[in-house]
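Everything below concerns the one structure shown next.
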Amino acid sequence: MGPGRAVSARHARGERPLLMVDVDGVISLFPISPERRPEGSFQHVDGIPHFISAEAGRHLRALATRFELVWATGWEERANEYLPHLLGLPHSLPVISFERAPRPAHAHWKLDAIERHAGARALAWVDDAFNEDCHAWAAARGAHTLLVPTLPHLGLTAPEAQLLMGWARQMAPHERPPHA
């Protein structure tokens, strides 16, 4: 299955889908070109400079009206320490903790933890590092699943956000979004 395609299956009515949010390559952009620098700013995270996309922050705030946002990043708890106020999010987000146990070379390192966290809930996942294992996992899930890839130097932009918002509307076509 290609990127940006939904897998149909069951979806619990009234329950917002999860949006698994990676940080590096989605919010923290690289490499940054002085000629094509997107809107944002350099911020120090544990002494390391990161270019944080202002556009990604705007999109995440809008997406939070349709999704339950979850950090799915190697930053783990550090995401809540630094990003909510930098992105204008109203509060910290749930965080997925990843095991550091060895896994098969072909397996994506986030899959087991995301599956445990999501269970049977519908989910979208925005990341810059999907592999074929991710697509096979998404196709085999028993719940609606959407993988949305980003380019690490652009991150979460309008086309990805529009795709996510449209998909979320399809999950609950008769519901109004909650007021933010």
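The values are calculated or read from the model by the stated rules, or taken from the named source; none is laboratory data. Values in this document were obtained by computation on a predicted structure and should not be read as measured data. Cβ sites come from the backbone with ideal geometry, for glycine too, and all protein chains shown count toward neighbours. What goes into the accessible areas is simple: the full protein's heavy atoms, side chains included, and nothing from ligands, DNA or RNA. Shrake-Rupley method; radii C 1.70, N 1.55, O 1.52, S 1.80 Å.
Among residues of segment 49-58 being touching a Ser or Thr at 6+ places or on another chain (Cβ under 9 Å) and open to solvent by less than 40 Å² (accessible area, probe 1.4 Å), the one that is nearest to residue 166 (Cα to Cα) is 56.
Of the residues making up segment 21-48, those that are within 24 Å of residue 125 (Cβ to Cβ), surrounded by fewer than 10 Cβ atoms within 10 Å (Cβ to Cβ) and polar (S, T, N, Q) number 0. For the residues 122, 72, 140, the requirement of being in contact with an Asp or Glu (Cβ under 7 Å, 6 or more places away or on another chain), modelled with pLDDT of 95 or more and at negative phi singles out 72.
Can you find even one residue in segment 91-105 that is outside any helix (DSSP H, G or I) and of a type in the set (Ser, Thr, Tyr)? Yes, there is a match, as at least one residue in segment 91-105 is outside any helix (DSSP H, G or I) and of a type in the set (Ser, Thr, Tyr). Taken together, the residues in segment 60-78 that are under 21 Å from residue 146 (Cβ atoms), open to solvent by less than 50 Å² (accessible area, probe 1.4 Å) and touching a strand residue (DSSP E or B) at 6+ places or on another chain (Cβ under 9 Å) amount to 10. Counting only residues that are over 21 Å from residue 17 (Cβ atoms) and touching a helix residue (DSSP H, G or I) at 6+ places or on another chain (Cβ under 6 Å), segment 54-87 holds 0 of them. Summed over segment 127-152, the residues that are among the aromatic types (Phe, Trp, Tyr), assigned to a helix (DSSP H, G or I) and under 15 Å from the mean Cα position of the chain (by Cα) give a count of 0.
Within segment 92-109, being open to solvent by less than 60 Å² (accessible area, probe 1.4 Å) and either hydrophobic (A, V, I, L, M, F, W, C) or at pLDDT 95 or above (or both) holds for 93, 94, 95, 96, 98, 101, 107. Of these, 47, 40, which one is small (Gly, Ala, Ser) and free of Cβ contacts under 8 Å to residues at least 12 places away in the same chain? None of the others qualify; the one that does is 47.
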